[in-house]
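Report on one structure; see the data block that follows.
The values are calculated or read from the model by the stated rules, or taken from the named source; none is laboratory data. Predicted model only: the values in this text are computed from it and were never measured. Positions of Cβ are backbone-derived with ideal geometry, glycine not excepted, and every protein chain shown enters the neighbour counts.
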Amino acid sequence: MKKEYLLLITCLLLGSNMVLSQNTFDIVFNASDRDEKCKECIQAFRQKPKEVRYSIVRENDNLYFEVNDKNWFYTVFKNPDDGMAIDVVLKNRYNCNIATINKNQIKGQLLKPIYSEGLKSGLEPREQNKFRVKVGKIPSGLLNEQLEYNILFLGKKNLCQYYVTYDLEYYSWDLLDMGMYLDYLSYETKQIRSTSEKSSIQNKKLKFIIPFEKNKSSFSSSDIKPIYDTLKSTDFDIKALDIKAYSSIEGSSDRNAQLQEQRAKNMIAALQAYQKPTIKTTVASLDNWVEFFNDIEGNKYEYLRSLDKNEIRDIVIGTVANELEPILKKHRKAVVELELEKKVIRKGESIQNLIADFNKSITDGKLDVAKELQNSIFEKMRTKEASITNIQDMIIPMHKKYAQFLNKNASYKCLLDERLTLIAYKELLEIEKIVPKDANVRYNLVAMEIKLWKNNGINVDESQIVKDINDLKKYGIDKSLISRMMVNFYIVIADKFMKNRDFDNKDKAIDYVNDNYKNFTLSNYDYLSLAQFFSLYGNSNLAVKLLERKSRSIDIDEDLLFYYLNLTLIDKELTKQTNYRTILLNAYDMNKERFCKLFNSVDNGGVTFQLLENEYLRKTYCDNCESQNL
């Protein structure tokens, strides 16, 4: 997964810590006049706009300092003796066999500092408003080690700031999904993915919670009825099934595992009986520690949250289990996620035959048949059995009788390929002339208008966009959809203010987004996109707040949970809190390999192995990730 170095920082206190017995060159540590010598350096950091980011980038054995603001760079290295040095840190420093980690100012091997003249003369422009300068080479003996690179900022040769870099998983932010009205409001349902992947229309997904009774693997027909009712009322089949089967924590591990497995099998059998096409299934079996820790918060058993799992199980038996039963009975369940695919007629036929019959149905006035054929044609395009260019072979008269067919053809182009949005937009403008009061057409036009404005595809007055959004009320469009569009408007405005370095107005726009996203339901993709948007635009605290409650939920999307960990793992105060243990446990249960990978070096896909300076996180890592190579 592609990553981008977004440097967030941890400042280590400088004081009585000892320096390793190695060459420290001419750097002055802990001088009595340090505050005076470092005054300008510290001031530069205090005045640093939160939008400024920098990092250390490795290429082969070379290390580069990369920054996105040249003016700030010159402020930091203003005086001749202002400079920078790199501390090359080895992961072996945190080996689980070492009882205590030495708390030194310099954690690894210090490279020779570079001062103001060398830094300024070596600074070169890079792509996307980035600048970088070479700051050292990795010692040959360390080239095959897991390494990280901390930065010493020097003011008049004094160590003024020591920073640990860490890497944040990077996802491209996007507008909140507004969908398009076809037969009904159809969302793009984009999957969470890295910047290197393209989004596309995915199958519909639904999620259900099915409860189970104690020591039973069967379930009531009334519990699964909502799934059947949903499938009967739609034109979809189940393509894939993801089941997470949970047991309450008081039983033995072996008995819980048996119950979880049988519960999952029963769910699969019940749903497979609904249809002929085979359902692909994924099953995970877990003890429901996450909700247990959540639900004992604030009652007399809250102390259990600080114990390990075996200690808790020894206590939660007999009378205690009976007292906790009102809580425990809510923890026996299956979280069932269905991936649906549209039922299509004449699935095996060629696109040419389908289009020919569609055109004939339009000519003969058999519009119900034409509607089914149009959907079958779209499905072939979605699955890439046919090209989007085949739409041009569908002959639909420009008449209000066929307005919905015309609307669907134009709008589907935009859903299937955003590069066709301008073409679809112009087509819809023509369609609107024959049905000027059509709510579906008007909604789709405004959604496309916002997308095109974001990507500089059209010139639109900002006040006109606001008017177009608000005017949707006249067409009976739901207010939550209008609110979602208005949030998207402010997301785009914030981006434009950011590019113009108008940080005050950018923050005002972000405040609007933060105050109003609660007015409608967010998809997983929306949550992560919005959190990434907040983080990229200097408001990581808002991203943390957005994801905090969801991170303690068993049905949180995996990428959302790990993104939350990326944002918070370096917060020493937060990681001390009991609630954070629940979040770590949730992540470990969800994906053990990915959890342990968080503690790899930045270059090996981790956040930073220097998280292991935190004794609580180190214990968590050593207890659960012993098989991982240090």
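Test of understanding: among 417, 461, 471, 438, which residue is free of Cβ contacts under 8 Å to residues at least 40 places away in the same chain and either closer than 18 Å to residue 494 by Cα or not charged (D, E, K, R) (or both)?
The match here is 461.
This table checks each residue for (1) under 20 Å from residue 354 (Cβ atoms); (2) among the charged types (D, E, K, R).
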residue: 381; (1), (2): yes, no
residue: 397; (1), (2): yes, no
residue: 409; (1), (2): yes, no
residue: 419; (1), (2): no, yes
residue: 423; (1), (2): no, no
residue: 435; (1), (2): no, no
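Has the stretch 427-447 got at least one residue that is part of a helix (DSSP H, G or I), modelled with pLDDT of 95 or more and of a type in the set (Lys, Arg)?
Within the stretch 427-447, one or more residues are part of a helix (DSSP H, G or I), modelled with pLDDT of 95 or more and of a type in the set (Lys, Arg).
If you take the residues in the stretch 222-235 that are surrounded by fewer than 18 Cβ atoms within 10 Å (Cβ to Cβ) and in contact (Cβ under 8 Å) with a residue 40 or more places away in the chain, which one is nearest to residue 209 (Cα to Cα)? Can you show your working first?
Pass one, the stretch 222-235, residues surrounded by fewer than 18 Cβ atoms within 10 Å (Cβ to Cβ): 222-223, 225-226, 228-230, 232-235.
After this cut, where a residue has to be in contact (Cβ under 8 Å) with a residue 40 or more places away in the chain as well, the list is 228, 234-235.
Values: 228: 14, 234: 20, 235: 22 Å.
Within the stretch 222-235, the match that is nearest to residue 209 (Cα to Cα) is 228.
Any idea how many residues of the stretch 493-506 are in a helix (DSSP H, G or I) and surrounded by fewer than 19 Cβ atoms within 10 Å (Cβ to Cβ)?
Residues of the stretch 493-506 that are in a helix (DSSP H, G or I), as a first pass: 493-499, 503-506.
Subset that is surrounded by fewer than 19 Cβ atoms within 10 Å (Cβ to Cβ): 495-496, 499, 503-505.
So the answer is 6.
Of all residues in the stretch 567-605 being among the aliphatic types (A, V, I, L, M) and under 24 Å from residue 92 (Cβ atoms), which is modelled with the lowest pLDDT?
Checked the stretch 567-605; the qualifying residue modelled with the lowest pLDDT is 570.
State which residue is surrounded by the most Cβ atoms within 10 Å (Cβ to Cβ) when the search covers only the stretch 63-80 and only residues that are touching a strand residue (DSSP E or B) at 6+ places or on another chain (Cβ under 6 Å) and touching a residue at least 60 places away in the same chain (Cβ under 8 Å).
65
Let me confirm something: among 82, 61, which residue is within 30 Å of residue 500 (Cβ to Cβ) and either acidic (Asp, Glu) or not assigned by TED's automatic domain parsing to the domain that holds residue 161 (or both)?
Just one listed residue meets the conditions, 82.
Go through the stretch 135-171 and count every residue that is under 30 Å from residue 341 (Cα atoms) and at pLDDT 90 or above. Spell out how you get there, then give the answer.
Of the residues in the stretch 135-171, the ones under 30 Å from residue 341 (Cα atoms) are 170-171.
Filter again for at pLDDT 90 or above, leaving none.
Residues that pass the stated criteria total 0.
Take residue 35 and decide whether it is more than 35 Å from the chain's Cα centre (by Cα) and modelled with pLDDT of 95 or more.
For residue 35, the condition - more than 35 Å from the chain's Cα centre (by Cα) and modelled with pLDDT of 95 or more - is not met.
Within the stretch 589-630, how many residues turn out to be of a type in the set (S, T, N, Q) and outside any loop (DSSP other than H, G, I, E, B)?
Residues meeting the conditions: 4.
Which condition from (1) touching a strand residue (DSSP E or B) at 6+ places or on another chain (Cβ under 7 Å); (2) of a type outside the set (D, E, K, R); (3) over 26 Å from residue 373 (Cα atoms) is the one that residue 457 breaks?
Failed condition: (1).
Got a sec? Which of 182, 259 is crowded, with 19+ Cβ neighbours inside 10 Å, over 32 Å from the mean Cα position of the chain (by Cα) and at pLDDT 75 or above? It would help to see each step written out before you state the result.
On the way: 182 fails: over 32 Å from the mean Cα position of the chain (by Cα).
The unique qualifying residue is 259.
Report whether or not residue 174 is over 30 Å from residue 37 (Cα atoms), modelled with pLDDT under 85, surrounded by 17 or more Cβ atoms within 10 Å (Cβ to Cβ) and not aromatic (Phe, Trp, Tyr).
Judged against the criteria, residue 174 is a match.
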